[in-house]
Amino acid sequence: MTTAALSPTMISKAALFEAQAVKTSARRNRLLSLPALIIIGIFGVLPLIIICVYSFLVAAPYGGVQWQFSTDAYLNFLFQRDIFDDTLQFTPDFLIIYLRSFLFAVVTTVICLLLGFPTAYFMATRPPAQRNWWVLLITIPFWSNLLVRTLAIMFIIRDEGLINNALIGLGVIDKPITMLYTNFAIQLGLLYAFLPFMVLPLYSSLEKLDFRLIEAAYDLYATRRQVLWRVIIPLSKPGIIAGCLLVFIPALGAYVTPLILGGGIHLMIGDLIAQQFGSGRNWPLGCAQALILMAAVLVALYFYVRNTSGKVQHG
Amino acid sequence: MGIAFENQVAAPQLPSRPAYGDNQTGTHLPERAGSLNGVIVPEQPGKNAIEVRGVRKVFGTGENQVAALDTVSVSIRENEFFTLLGPSGCGKTTLLRLIAGFDFPTAGEILLHRQDIAPLPPFKRPVNTVFQSYALFPHMTVAQNIGFGLEMLGKPKAEIEARVAQMLKLVKMEALKARRTSQISGGQQQRVALARALAPQPKVLLLDEPLSALDYKLRKEMQIELKRLQHETGITFIFVTHDQEEALTMSDRIAVMSAGKILQVGTPRDIYDRPAERFVADFIGETNFLPGTVVSKQAGVATVKFAGDATISAGYPEGFDPTGEVTLVVRPEHADLVPDPAKGTIAGTLANIVYFGTDTHYHVKLDGGGENFIVRHQNSRSSPVTFATGAKVGIQFEEDAARVLKD
């Protein structure tokens, strides 16, 4: 409407100016992106190449690699070479850890979504002045180190911890419930660590939601449930996708949480890979495991994004 | 052309929706007099679609309490184009939201076909709204938006498609049905919003300043379009606006609101010619206010004396007893200029002449003092302009032009 008020000459001048601005800004943008590109090159692409190369080498006896091509690392992922007759035998140990990790990550993502959505909706429907306080509260855990917070969980759930002492003190139970070093402990730790990563993107997309649309849907005979499924969820899809990715990917590669709360008994992929570079002294295997994880995530991502974006279009 | 809205597929009433009296609205198109441009509609004894009884709405608590609606009662008839007119903050949108069900009244009842709907949530009321912001769903196409209400009512797919096609035709949007709502213009969005609200065949359509976002020309077009749609569908329209011209041209009846109260309900002509209060006269159209003193009165006509010792007889509304100092109200077009000051009702000096194209306004400085009196003269090619600024003139009132009003 504003352009209609401008004279044609003004428009053409503006267009010319804009075209020039676009050209110079494109050149400037390339220059500005240089530092980022250098950082990504040195700390992102280069290590990835090294990992890729190492995964095809032979492990040296005391760590490191010998420069000799081998696909053993990938074979060892699924098979074990028999010491006596040199045949390959299928060993699903690593695969089980991968599947377990996927399960942990999926459960974490789903529960975070179920807990995070109402939380974010609550925050987004507060008066604007209040909302920032709620965001601040959500970010408080970030103020201290994840390791410290995980150790704190340990003190809460261990046999002589807060929960068990309280329950025994109240006479509810007479023997402590074992929670630490179980799958439950890992799951709890993951949920605790990643919930804010779900809430924040959900909040930012719900905050932008036009609540008059919800009124309009009510007016058009939609019940509360229908409003949720037909209007609120489709419109907050970008936040849901971002939140799920931000939770799922780091949860899959979680290292500290399962190490401390799982006590090294219940491994996840992150611990497994770390082992290869530490006590396992098998760098190529560690590299191969990392690359297999990456490939798995990329495949999962591909299907996830393809499915969800399709749903958005069908609305 | 009423057929456009008739049921093509017999639609069973949903059990979840309360049955409201006879199901005539929508298919029944009464013979009705046109009411474009303020032509008086004969008072129909028709049934009331909406009855608002003693409704109060208070927002906030404690010291911050604000009564947005202060005990309002009004009846809106079936098939009527009813307008709630008033300045912003007068409570007109609050009343509309109470009828829609977005808010609930603090006290009083709202009847739809004699059934109290005040406690029902919006999705249980056969009432639809056209929002000021249109509130179209951005993740759906034009057709999906229009079909949304029917889909939520659980209508069969074939019926939804048929009705959506009908509605697209009704608002002339067939070509754009597959577009996203973000890909169409404001005027087109307006049409989609209308079609979406009309598609479920509501008993009453609520319109919350739907034309305020459109530019002048489009607004004029949509005013006529809205009138046409109301005529074709036979649905009761309740229209909220602060634009008095819009209210006068479109409405069958108007309720003028101020500060949470309804001041007057009547046809556009009633409201314009016989305003009940000074506020109504002031808010609708231009008006001259003259201070005066009541000398005598009988049978609804008062004789009023004002500065310069001129006297005039003026009508006053029922239930109002003017005494002492009063204000006289005269519409600018109900007065005329005469060259001889002695021949007019009051005399003055022509202070200013403002040309408006269709008419000319003469600002007269009265000999008795006070605000300038404005006389509006419709221009025609044959009428010569004979007055010049500074000339002494008389102002003549048409019969019944002056009225005494409550302040």
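No value in this document is a laboratory result; all are computed from the given coordinates. Computed from a predicted model, the values in this text were never measured in an experiment. Every residue, glycine as well, gets a Cβ built from its backbone with ideal geometry; the counts of neighbours run over all protein chains shown.
Given Cα pairs under 8 Å that are at least 6 residues apart, what percent is the relative contact order of chain A?
Computed value for chain A: 24 percent relative contact order.
Where a ≥ b ≥ c are the square roots of the eigenvalues of the C-alpha gyration tensor, would you call chain A rounded, which needs a/c under 1.5, or, failing that, prolate if a/b is larger than b/c, or oblate?
Numbers: a/c = 2.28, a/b = 1.28, b/c = 1.78.
Oblate is the answer for chain A, as a/c is 1.5 or above yet b/c matches or exceeds a/b.
Once the convex hull of the C-alpha atoms of the range B:288-405 is built, how many Å³ does it hold per residue, rounded to a whole number?
Per-residue hull volume (Cα only) is 102 Å³.
Treating the angle as unsigned and between 0 and 90°, give the value, to the nearest 10°, between the Cα long axis of helix A:8-32 and the longest Cα principal axis of chain A.
20
Work out the FRET efficiency for A:Asn183 and B:Glu63 from their Cβ-Cβ distance, taking R0 = 51 Å, and round it to the nearest 0.05.
Here the calculated transfer efficiency is 0.35.
Taking the 0 to 90 degree range and rounding to the nearest ten, how far is the long axis of helix B:186-198 tilted relative to the main principal axis of chain B, both from C-alpha atoms?
With rounding to tens, the tilt is 60 degrees.
Which of B:Leu112, B:Leu170, B:Leu214 ends up with the largest GNM mean-square fluctuation for chain B, with Cα atoms connected below 10 Å?
Per the Cα network of chain B with a 10 Å cutoff, B:Leu214 tops the list.
Between A:Trp229 and A:Trp133, how high is the FRET efficiency from 1/(1 + (r/R0)^6) when r is the Cβ-Cβ distance and R₀ = 35 Å? Nearest 0.05.
Efficiency, from the Cβ-Cβ distance: 0.70.
Shape verdict for chain B, please, from the Cα gyration tensor: rounded (a/c under 1.5), prolate (a/b greater than b/c) or oblate.
prolate
Between A:Phe69 and A:Ser33, what is the label-to-label distance in nm when each label sits 7 Å out along the Cα-to-Cβ direction?
Computed distance between label sites A:Phe69 and A:Ser33 equals 3.5 nm.
Can you list the lysines whose alpha carbon is less than 19 Å from that of B:Lys169, not counting same-chain residues fewer than 8 positions off?
B:Lys157, B:Lys177, B:Lys227
Checking the a/c ratio against 1.5 first, then a/b against b/c, what shape does the Cα gyration tensor give for the range A:126-279? Can you show the working numbers first?
Working: a/c = 2.44, a/b = 1.76, b/c = 1.38.
Here the range A:126-279 falls in the prolate category.
Cut-off under 22 Å on the C-alpha distance; same-chain residues fewer than 8 positions from B:Lys343 excluded. Which lysines are left, in chain and number order?
Candidates past the 8-residue exclusion: B:Lys305, B:Lys365, B:Lys392.
Mind giving me the nanometre distance, one decimal, between the label points for B:Glu232 and A:Ala60, set 7 Å out from Cα along Cα→Cβ?
It works out to 8.5 nm between the two label points.
Output the direction-averaged projected area (hull surface divided by four) of the convex hull of the alpha-carbon atoms of the protein assembly as shown, in nm².
Projected area, direction-averaged: 50.7 nm².
For a quick check, take a GNM of chain A with Cα springs below 10 Å and name the residue from A:Thr178, A:Thr150, A:Thr109 with the largest mean-square fluctuation.
Fluctuation is largest for A:Thr178.
Need one number: % antiparallel among DSSP beta bridges in the protein assembly as shown, to the nearest 5.
That works out to approximately 75 percent antiparallel.
Kindly state, to the nearest 0.05, the FRET efficiency for A:Val305 paired with B:Ser382, given R0 = 60 Å and r defined as their beta-carbon distance.
After rounding, the FRET efficiency stands at 0.20.
Highest GNM mean-square fluctuation, chain A, Cα pairs closer than 10 Å: which of A:Leu151, A:Leu48, A:Leu213?
A:Leu213
Nearest 10 degrees, 0 to 90: what angle lies between the long axis of helix B:142-152 and the longest principal axis of chain B (Cα atoms)?
The answer is roughly 70 degrees.
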